[in-house]
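What follows is one structure encoded as structure tokens, with my remarks underneath.
The values are calculated or read from the model by the stated rules, or taken from the named source; none is laboratory data. Bear in mind that the values here come from a model prediction, so they are computed numbers and not experimental data. Don't worry about glycine lacking a Cβ; one is built from the backbone with ideal geometry, like all the others, and counts go over all protein chains shown. The accessibility values were calculated without ligands, DNA or RNA, using every heavy atom of the protein model including side chains. Shrake-Rupley method; radii C 1.70, N 1.55, O 1.52, S 1.80 Å.
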Amino acid sequence: MKKSTSILAFVVTGLFSLRALASLSLTESPGPNDFTLGNGQSATAMLVETNSDPAVIRAAGDLADDVQQVTGFKPTIESETAGGKFLIIAGTLGQSPAIDRLVTAGKLDVTGVRGQWESYVLQIVKQPLPGVDTALVIAGSDRRGTIYGIYTLSEMIGVSPWYWWADVPVKHRSRLALRGDGLRQGPPAVKYRGIFLNDEDWGLRPWAAKTFDPKTGNIGPKTYAKIFELLLRLHANYLWPAMHPGTAAFNSFPADAKLADDYGIVMGSSHCEQMLRNNVSEWDDQKYGDYNFVTNPDGVLKYWEERVRTNGKYENLYTLGMRGIHDGAMPGGGTEREKAERLHTIIADQRAMLARLVNPNVAAVPQIFCPYKEVLPLYQLMPDIPDDITIVWPDDNYGYVRQFSNARERARSGGAGGYYHVSYWGRPHDYLWLCSTPPALIAEEMTKAYDYGANRVWMLNVGDLKPAELDIEFFLKLAWNTHAWDGTNTYDLLEKQFARRLGREAAPELTAIMAEYYRLNFQRKPEHMGFPDKNWFTAGEAAQRLAAWSRLVARVDAVGRNLPGDRHNAFFELVGYPVR
């Protein structure tokens, strides 16, 4: 009997109009017309030309490792044309001569891909090159488009983006083939999609310092390499690095910025860390003076300029404006109107710096302004900021977006974005331990923001990264195809996550368990239960709550008993631990 696994949701509709390719599916019983990836004795070779971007070459190495994880055989990566019945060809349009020749010959259809942002096609091509019967071509519109195509194939064959960070197991398949003609994806709904590592001193930093990155004693290049890989596997492209007191600044390791570029990641900095700086670690009163633009503008500008000079050659998204050293209000005092005018002056000076050091056409340099907390009323008092700057609207730290673009703001060339929390440290109450923001709330708020023009930047504050895996993936999938959520199918999307990660048999019950987890925690977050003076629950309500959690734990235990042993670690991390 033939085994065939359909790959769901790999064709994104509604993003552009083109001649549809039938979606690819995976089979472990290859037929004569299927494209074989592994035949039980070897794995199909790959062609990645030497003039490809280093980020593409690196990702191709990950694909070779992934095929080996699945089949037991590692494909060779060739830089020149190789013969054989089957061949994988990966490259970027305009950079890969082999792929460009296929387009010219009419063998590769790049309709809707060429010239787009981060788009790609996977297509089966017959007789692509002399001596090759059939190729699987992975062609991207740009370097990240190609990388996403590569990682799409990895996920199709069963390697989860969370194989490392959440120990999702990889099923062994000695024989492996693709059936169908191809698929396309892109461009993404949101241009820049990423995460903010924040409050990392509770888990990520101690773990990296003591376990994974002990040579640095902190979050160093080795840790960031794994974070970059995860982002790309999730089709994300943007990072605000960790920046809490005690964490070494991202740029304190000279290798980090180059490493981000080697992976193809766009670097930025948080709403309180302008111009790629980490103020807590990098501001030095002895060297620069006071961090105050009223009394010491030259020192502050010198500080920002040093970073732009060193990192301006890489792909960055620059945060403009000014706040305090660590998530506090801008120094310098004055009335609200005076502060607003000062911010306007600061932004003008920052843009002059970018024009001088990065690109004379400053409008071509990606820039954001995030009116977070006390900055929002200042923004409302400011003269209009330059049209090309993206305004990134924040939520209220608890999942509700504070402001949406009005008609005038929607007409700006820079557009808008959103900054959203699923982890928060601050007033009135923190929530750093568990991730309990319901996906339905994320979807409702972010699709609303998108419909009001927030399609340039989506940034998610994820705290330690773990245990926010489910919300991270949900958020980033919405950022890729925002209207995949129609207001009714939140848990259908979550169930698909569980089916991919822990198996289809358990997915419905796991989804129901987590739906109840989110419902109970929406009443009151676990971190907010420790305020007895508030009398949140009567004695009867408290008893009902404890009973509900006990029933949920029993359901978790029942699922766990029936899961194969290799799934227990991922199950514990994604469901068992948060519920218990």
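Across segment 529-558, the number of residues qualifying as in contact (Cβ under 8 Å) with a residue 24 or more places away in the chain and under 22 Å from residue 466 (Cα atoms) comes to 4.
Find the residue count for segment 492-544, including only residues that are of a type in the set (Gly, Ala, Ser) and under 21 Å from residue 426 (Cα atoms).
Going residue by residue through segment 492-544, those that are of a type in the set (Gly, Ala, Ser) are 499, 503, 506-507, 512, 515, 530, 539-540, 542-543.
Those left that are additionally under 21 Å from residue 426 (Cα atoms): 530.
Qualifying residue count, segment 492-544: 1.
In the set (1) modelled with pLDDT of 95 or more; (2) among the charged types (D, E, K, R); (3) surrounded by fewer than 16 Cβ atoms within 10 Å (Cβ to Cβ), residue 533 fails one condition alone, (1). Against the list (1) closer than 23 Å to residue 420 by Cα; (2) outside any loop (DSSP other than H, G, I, E, B); (3) at pLDDT 95 or above, the condition residue 349 fails is (1). Limited to segment 186-201, what total is found for residues that are within 25 Å of residue 150 (Cβ to Cβ), more than 12 Å from the chain's Cα centre (by Cα) and open to solvent by less than 10 Å² (accessible area, probe 1.4 Å)? Selection size over segment 186-201: 1.
Of the set (1) more than 29 Å from residue 186 (Cα to Cα); (2) out of contact with any Pro (no Cβ under 7 Å at 6 or more places or on another chain), all apply to residue 475 but (1).
Results for (1) within 27 Å of residue 481 (Cα to Cα); (2) of a type outside the set (D, E, K, R); (3) touching a helix residue (DSSP H, G or I) at 6+ places or on another chain (Cβ under 7 Å), shown as yes or no for each residue.
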site: 77; (1), (2), (3): no, yes, yes
site: 83; (1), (2), (3): no, yes, no
site: 124; (1), (2), (3): yes, yes, no
site: 127; (1), (2), (3): no, yes, no
site: 131; (1), (2), (3): no, yes, no
site: 135; (1), (2), (3): no, yes, no
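Say whether the condition of being buried (at least 20 other Cβ atoms within 10 Å of the Cβ), hydrophobic (A, V, I, L, M, F, W, C), modelled with pLDDT under 95 and in a loop (DSSP other than H, G, I, E, B) is met by at least one residue in segment 17-24. Scanning segment 17-24, I find at least one residue that is buried (at least 20 other Cβ atoms within 10 Å of the Cβ), hydrophobic (A, V, I, L, M, F, W, C), modelled with pLDDT under 95 and in a loop (DSSP other than H, G, I, E, B), so the answer is yes.
Residue-by-condition table, conditions (1) modelled with pLDDT of 95 or more; (2) of a type in the set (Ser, Thr, Tyr); (3) outside any loop (DSSP other than H, G, I, E, B):
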position	(1), (2), (3)
293	yes, no, no
324	no, no, no
337	yes, no, yes
342	yes, no, yes
345	yes, yes, yes
356	yes, no, yes
360	yes, no, no
383	no, no, no
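Annotation note: of 301, 239, 259, 317, the sole residue that is within 25 Å of residue 473 (Cα to Cα) and open to solvent by 20 Å² or more (accessible area, probe 1.4 Å) is 259. Look through segment 468-510, keep the residues that are surrounded by 19 or more Cβ atoms within 10 Å (Cβ to Cβ) and of a type in the set (Asp, Glu), and return whichever of them is nearest to the chain's Cα centre (by Cα). That would be 473.
Return the only residue of 223, 211 being of a type in the set (Val, Ile, Thr), modelled with pLDDT of 95 or more and open to solvent by 10 Å² or more (accessible area, probe 1.4 Å). On inspection, the qualifying residue turns out to be 211. Only one of the numbered conditions (1) in a loop (DSSP other than H, G, I, E, B); (2) aliphatic (A, V, I, L, M); (3) over 21 Å from residue 205 (Cβ atoms) is not met by residue 479, and that is (1). For segment 50-64, the set of residues classified as open to solvent by 10 Å² or more (accessible area, probe 1.4 Å) and either modelled with pLDDT of 95 or more or outside any loop (DSSP other than H, G, I, E, B) (or both) consists of 53, 54, 57, 58, 61, 62, listed by residue number.
Filter segment 100-137 for residues that are of a type in the set (A, V, I, L, M, F, W, C) and either closer than 21 Å to residue 187 by Cβ or touching a His at 6+ places or on another chain (Cβ under 9 Å) (or both) and give the result. Outline the logic, then answer.
To start, the set of residues in segment 100-137 that are of a type in the set (A, V, I, L, M, F, W, C) comprises 102-103, 105, 108, 110, 113, 117, 121-122, 124-125, 129, 132, 135-137.
Selection gives 103, 108, 110, 113, 117, 121, 122, 137.
Residues of segment 220-279 that are touching a residue at least 40 places away in the same chain (Cβ under 8 Å), among the basic types (Lys, Arg) and more than 28 Å from residue 482 (Cα to Cα): 258 alone. The residue list 166, 177 contains one member that is within 26 Å of residue 466 (Cα to Cα), touching a residue at least 24 places away in the same chain (Cβ under 8 Å) and not basic (Lys, Arg), which is 166. Criterion first (over 27 Å from residue 85 (Cα atoms), of a type in the set (Phe, Trp, Tyr) and open to solvent by less than 40 Å² (accessible area, probe 1.4 Å)) does residue 165 satisfy it? Spelling it out, residue 165 is indeed over 27 Å from residue 85 (Cα atoms), of a type in the set (Phe, Trp, Tyr) and open to solvent by less than 40 Å² (accessible area, probe 1.4 Å). Each residue in segment 320-343 was checked for being touching a residue at least 60 places away in the same chain (Cβ under 8 Å) and surrounded by fewer than 16 Cβ atoms within 10 Å (Cβ to Cβ), and 1 pass. Among the residues of segment 65-89, those identified as crowded, with 18+ Cβ neighbours inside 10 Å, under 17 Å from residue 137 (Cα atoms) and among the hydrophobic types (A, V, I, L, M, F, W, C) are 67, 86, 87, 88, 89.
Select, from 561, 567, the only residue that is surrounded by 11 or more Cβ atoms within 10 Å (Cβ to Cβ), assigned to a helix (DSSP H, G or I) and basic (Lys, Arg). It would help to see each step written out before you state the result.
On the way: 561 fails: surrounded by 11 or more Cβ atoms within 10 Å (Cβ to Cβ).
That would be 567, the only listed residue that is surrounded by 11 or more Cβ atoms within 10 Å (Cβ to Cβ), assigned to a helix (DSSP H, G or I) and basic (Lys, Arg).
Applying the condition of being assigned to a helix (DSSP H, G or I) and within 25 Å of residue 392 (Cα to Cα) to segment 242-256 and asking which residue is most open to solvent (accessible area, probe 1.4 Å) yields 251.
Given the criteria open to solvent by less than 10 Å² (accessible area, probe 1.4 Å), assigned to a helix (DSSP H, G or I) and farther than 16 Å from residue 195 by Cα, does residue 446 qualify? Steps first, please.
Values: open to solvent by less than 10 Å² (accessible area, probe 1.4 Å): yes; assigned to a helix (DSSP H, G or I): yes; farther than 16 Å from residue 195 by Cα: no.
For residue 446, the condition - open to solvent by less than 10 Å² (accessible area, probe 1.4 Å), assigned to a helix (DSSP H, G or I) and farther than 16 Å from residue 195 by Cα - is not met.
In the set 400, 372, 379, 424, only one residue is surrounded by fewer than 16 Cβ atoms within 10 Å (Cβ to Cβ) and among the aromatic types (Phe, Trp, Tyr); that residue is 400. Beta carbons closer than 7 Å, at least 6 apart along the sequence or on distinct chains, never pair a first residue in segment 294-318 that is closer than 27 Å to residue 142 by Cα with a second that is at pLDDT below 95.
I'd like the residue in segment 347-357 that is under 24 Å from residue 458 (Cα atoms) and of a type in the set (A, V, I, L, M) and, out of all such residues, is surrounded by the most Cβ atoms within 10 Å (Cβ to Cβ). Don't jump to the end; show me each part of the working.
Of the residues in segment 347-357, the ones under 24 Å from residue 458 (Cα atoms) are 347, 350-351, 354.
Right, trim to of a type in the set (A, V, I, L, M) and you get 347, 354.
On the way: 347: 20, 354: 24.
Per the criteria, the residue is 354.
Considering segment 274-298 alone, what residues qualify as being aliphatic (A, V, I, L, M) and buried (at least 20 other Cβ atoms within 10 Å of the Cβ)? Listed by number, the residues that qualify are 275, 276.
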